[in-house]
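The values are calculated or read from the model by the stated rules, or taken from the named source; none is laboratory data. Predicted model, so just to flag it, every value in this text is computed and none were measured. Positions of Cβ are generated from backbone atoms using ideal geometry, with glycine treated the same way; all protein chains shown enter the neighbour counts. Side chains are part of the model used for accessible areas, which takes the heavy atoms of the whole protein and leaves out ligands, DNA and RNA. Shrake-Rupley method; radii C 1.70, N 1.55, O 1.52, S 1.80 Å.
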Amino acid sequence: MTPVSSDTTEISRERQGWSRADRKHLLIWVVVGFAVPAPLMFVIEKVVRPGGPTITVQSEFTTKAIAAFFVLLATWIVSRLERRPLDDYGIPPRQVFGRRFWEGTVWGFAMLSAVMFVLHLWSYYRIDSVAVNGRAAVWYGAGWASVFLAVAFGEEFAFRGYWLFLMSKSLRFWPSAVILSGVFVLAHVPNHGENALGLLQVFAAGLLFCFTVRRTGNLWFAVGFHAAWDWAQTFFYGTADSGLVGAGRLLNSRLQGPNWLSGGLVGPEGSVAAVFVLVLCAILVHFRFPRVNYADRPV
């Protein structure tokens with residue numbers, strides 16, 4: 001009978017589940033990335049955020065920037081503990097704000113615009129007037145861009161960075177992507193005015209972002225897409241985003257008609273049109289990036 005080497009046994013154990021070191025590092029990541037900033041963010045939200053469904057640049061930037069900072073810090077700490085470059089988690093620092101990021105912003109704005117175009121054709125989206133112009137438009141546009149850049153960094157690092165890498169080591173890529181997209185949905189449940197179709201869109205968006213990571217090999221396309229999609233909703237088209245309406249939007253607009261078609265109070269993400277556009281987007285991504293660049297089971 002041929003003896004099994006210790007190296008082979010260790011590889012087999014890693015493929016069956018997380019090692020003790022993996023579990024320890026995940027705990028550190030969760031504590032630093034989420035538990036440590038949670039009390040501070042809770043206090044700031046109670047003090048700064050206005051009541052109701054309206055949000056402002058000032059109320060959102062502070063909490064979103066704190067969330068992004070701590071999840072980035074947690075990811076960096078774990079990368080040092082594991083002696084891995086951030087590239088292994090799909091986060092190559094040298095490519096931040098590079099070609100993939102900017103291409104992602106174009107796709108994100110274009111896809112949300114496609115949703116709005118469909119709603120306009122169906123007479124479910126109407127523009128009433130321009131809300132801000134001149135210097136105010138530039139200021140609010142830049143302000144909301146900074147908010148949603150922080151949102152995109154925080155959420156993509158949280159759900160499609162280290163955690164996706166760690167789960168894929170054991171479960172493979174797509175089972176991990178499905179699970180984390182489900183967790184992504186749970187994170188959106190408390191949002192003001194969220195509904196079932198809106199949460200379905202969140203799940204579809206999570207899978208789409210995972211797909212872009214799989215094909216591009218890193219997070220930057222997804223970060224750009226995510227930031228531009230949210231910016232287009234809240235600022236450019238002046239609609240609700242997961243039930244929250246931004247003060248200082250470019251357009252005064254309204255969604256009207258059946259909620260499952262118009263999105264209603266949730267915003268365009270609550271429309272069935274958004275889900276179909278994301279499916280179309282996935283098909284286009286398949287042709288744009290035909291090769292797989294992220295391992296099914298990272299090592």
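With the requirement that a residue be free of Cβ contacts under 8 Å to residues at least 60 places away in the same chain and of a type in the set (Gly, Ala, Ser), what does region 129-156 give you?
Gly134, Ala142
Can you pull out the residues in region 103-128 that are free of Cβ contacts under 8 Å to residues at least 24 places away in the same chain and either within 20 Å of Phe225 (Cα to Cα) or open to solvent by less than 40 Å² (accessible area, probe 1.4 Å) (or both)?
Across region 103-128, the qualifying residues are Ala110, Phe117.
Kindly check whether there is at least one residue in region 96-116 that is touching a Gly at 6+ places or on another chain (Cβ under 9 Å) and either within 22 Å of Pro298 (Cα to Cα) or of a type in the set (Asp, Glu) (or both).
Yes.
Answer yes or no: is there a residue in region 259-271 that is open to solvent by less than 60 Å² (accessible area, probe 1.4 Å), touching a residue at least 40 places away in the same chain (Cβ under 8 Å), closer than 29 Å to Thr216 by Cβ and among the polar types (S, T, N, Q).
yes
Tell me, yes or no, whether region 168-179 has at least one residue that is open to solvent by 30 Å² or more (accessible area, probe 1.4 Å), over 18 Å from Phe61 (Cα atoms), touching a helix residue (DSSP H, G or I) at 6+ places or on another chain (Cβ under 9 Å) and among the small types (Gly, Ala, Ser).
no
So Pro39 passes all but one of these: (1) touching a residue at least 40 places away in the same chain (Cβ under 8 Å); (2) open to solvent by 40 Å² or more (accessible area, probe 1.4 Å); (3) closer than 18 Å to Pro190 by Cβ. Which condition number does it fail?
(1)
Taking region 92-124, which residues are under 30 Å from Ala35 (Cα atoms) and in contact with a helix residue (DSSP H, G or I) (Cβ under 7 Å, 6 or more places away or on another chain)?
Listed by number, the residues that qualify are Pro92, Pro93, Gln95, Val96, Phe101.
Within the bounds of region 145-161, is there any residue that is farther than 18 Å from Leu86 by Cβ and not aliphatic (A, V, I, L, M)?
Yes, region 145-161 contains at least one residue that is farther than 18 Å from Leu86 by Cβ and not aliphatic (A, V, I, L, M).
Taking the options Ser181, Ser170, name whichever one is part of a helix (DSSP H, G or I) and closer than 23 Å to Val115 by Cβ.
Ser181
Looking at Val279, Val285, can you tell me which residue is open to solvent by less than 30 Å² (accessible area, probe 1.4 Å) and under 23 Å from Leu208 (Cα atoms)?
Answer to the check: Val285.
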